[in-house]
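The structure appears right after this line, and notes come after that.
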Amino acid sequence: MNRRDFVYAMSAAALAVSQAISAKDKPRPAKPLSILVLGGTKFLGVHIVELALKRGHSVTLFNRGKTNADLFPRLEHLKGDRDAQLDSLKGKRWDAVIDDSGYVPRHVRLSAELLAPNVQRYLFISTISVYASFAQANSEDSPLGKIADETTEKVDGGAYGPLKALCEKAAEAAMPGRVTVVRPGLIVGPRDPTDRFTYWPARAARGGEMAAPGTAKDRIQFIDSRDLAAFALNLVETQTVGTFNATSPPGMFSMGELVQASITAANAAVKPAPAPHAIWLPADFLEKEKVQPWSDMPVWIPESGEYAAFAEANVSKAMRAGMSIRAIQPTVNDTLAWHLQRPEAERAKLAAGLTPEREQELLKTWQAAAGGGH
């Protein structure tokens, strides 16, 4: 066993120990909390609100009222905008704020400064993309990415991670010692609008030969949105402050496990004919064919170069704080079940992954290069 495999084995052991120590053993608040969610009607926010209500907390939503406005009709909805339209928040008190919609530091600063006198804790959903480099494994104290123009509000390209890092800083400046920062990796599961994880069970459901990237052993990291929601609420309920990477432990999941779980889910749910079968395409072949990791081949990034440790984020701190990661098959099953209920237009044209036509071109090119074999 080499050093890297030893580290992954220890991560798996730590996961088993952490899951044995259930978050239910941590002290819960003596009474339900009043929680303000900035956002709350899209993907992760929906899961946070649903779980908070299930646990008996009182939830207020603040958003523009444009995304899934029909959700949670019995809750208090405060209408406004992160861009200086915060009047509906003035003069109100909450035990905690969960901010899952902050992308620009000015917006986070405005809301955190306004709420600081009237709330006890502020939990900010950041991103694991805040780090300056992924050539080595990142822990919470690793160097953060920087941006030349810290006033920019264009959240695209390389600005996303550094802007999130500045958002963290803005929240802490407004509420020193009362901020919890959660840095999730790829968030997956039902309601995911990006289709990155969804692509795989959706593709398997179409059946036939499916292009898979790299090797089955390639490591990946992600977190089910419901596990992330539970972890965030646990931190709020236990009044835990600090910064936490939140994704699956390194080595817990592989690309082969994701593809196989997708095939298993598809065979059970829709029984496609012909049955789905993975054709593994080497990373160098994909690079030659200009197939992009992460976008064309979602979830996957080759373990080399500047992204050599992309799937090695250290999450031991979060595991000690009670984060739990479910097995891959339930997440894939639930994601496919949700996908199959989506409108036909959304099912037909995913936001990530290869188009059917491009995939067939790739497979033909590969099989020709391999002399017709697989």
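The values are calculated or read from the model by the stated rules, or taken from the named source; none is laboratory data. Keep in mind that what you see is a predicted model, and the values were worked out from it rather than measured. When we count neighbours, we look across all protein chains shown, and the Cβ atoms used for this are built from the backbone with ideal geometry, even at glycine. With ligands, DNA and RNA removed, areas are computed over all heavy atoms of the protein, side chains included. Shrake-Rupley method; radii C 1.70, N 1.55, O 1.52, S 1.80 Å.
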| task | Report the relative contact order of the chain, percent, no decimals, based on alpha-carbon pairs under 8 angstrom and at least 6 residues apart. | result | 20
| field | Solvent-accessible heavy-atom area per residue, rounded to whole Å², over the stretch 131-209 at 1.4 Å | value | 42
| said: Can you give me the solvent accessible area of Ile147 with a 1.4 Å probe, rounded to the nearest 10 Å²? | reply: 40
| note | Interchain or sequence-distant (5+) residues whose placed amide H lies within less than 5 Å of the amide H of Leu350 are none
| field | In nm, spacing of pseudo-spin labels at Glu153 and Lys217 (7 Å Cα→C-beta vector) | value | 4.9
| request: Report, by chain and number, residues whose modeled amide H sits under 5 Å from the one on Met297, excluding near sequence neighbours (fewer than 5 apart, same chain). | output: Gln292
| request: List every residue whose amide H lies under 5 Å from the amide H of Thr60, counting only residues 5 or more places away in sequence or on a different chain, with H placed 1.01 Å from N in the peptide plane. | output: Ile35, Leu36, Val37
| query | 222 nm [θ] for the chain, helices only, -39500 (n - 2.57) per DSSP H run of 4+, per residue, to 500? | reply | -11000 deg cm²/dmol
| field | Three-way shape label, the stretch 79-198, alpha-carbon gyration tensor, a/c 1.5 | value | prolate
| query | In nanometres, what is the gap between the two model label sites at Gln239 and Ala345, each 7 Å from Cα along Cα-to-Cβ? | reply | 5.0
| said: Please compute the modelled spin-label separation between Thr355 and Lys66, points set 7 Å along Cα→Cβ, answer in nm with one decimal. | reply: 2.8
| request: With both partners inside the chain, how many of the DSSP beta bridges are antiparallel, as a percent to the nearest 5? | output: 10
| task | Given the peptides 70-76, 170-176, 118-124, arrange them by the average over their residues of other C-beta atoms within 10 Å, most packed first. | result | 118-124, 170-176, 70-76
| remark: At 25 °C and 0.890 mPa s, the Stokes-Einstein diffusion coefficient in µm²/s for the stretch 222-374, with hydrodynamic radius from the Kirkwood sum on alpha carbon pairs, is 136
| query | The list [x] 18; [y] 22; [z] 39 gives values of percent of Cα pairs over 37 Å apart, and only one came from this structure; which label was calculated from it? | reply | [y]
| note | Per principal axis, largest first, the Cα atoms of the stretch 38-117 extend in Å by 31, 25, 18
| said: Between Thr365 and Gln136, what is 0.36 nm times their sequence separation minus the Cα-Cα distance? Round to one decimal in nm. | reply: 79.0 nm
| remark: Taking R0 as 56 Å and r as the Cβ-Cβ distance between Asn267 and Asp81, the FRET efficiency 1/(1 + (r/R0)^6), rounded to the nearest 0.05, comes to 0.75
| message | Can you give me the % of accessible surface on the stretch 73-189 that is carbon or sulfur? Probe 1.4 Å, all protein chains present, nothing else counted. | response | 50
| remark: accessible surface per residue for the stretch 307-374, probe 1.4 Å, DNA/RNA/ligands not counted, whole Å² -> 53
| note | Per principal axis, largest first, the Cα atoms of the stretch 235-294 extend in Å by 52, 35, 18
| message | Can you tell me what share of the DSSP beta bridges in the stretch 27-168 is antiparallel? A percent to the nearest 5 is fine. | response | 10
| Residue by residue through the stretch 153-159, which ³J(HN,Hα) values in whole Hz follow from phi under the Karplus form 6.51 cos²θ - 1.76 cosθ + 1.60 (θ = phi - 60°), with glycine and proline marked x? | 10, 8, 8, 8, x, x, 7
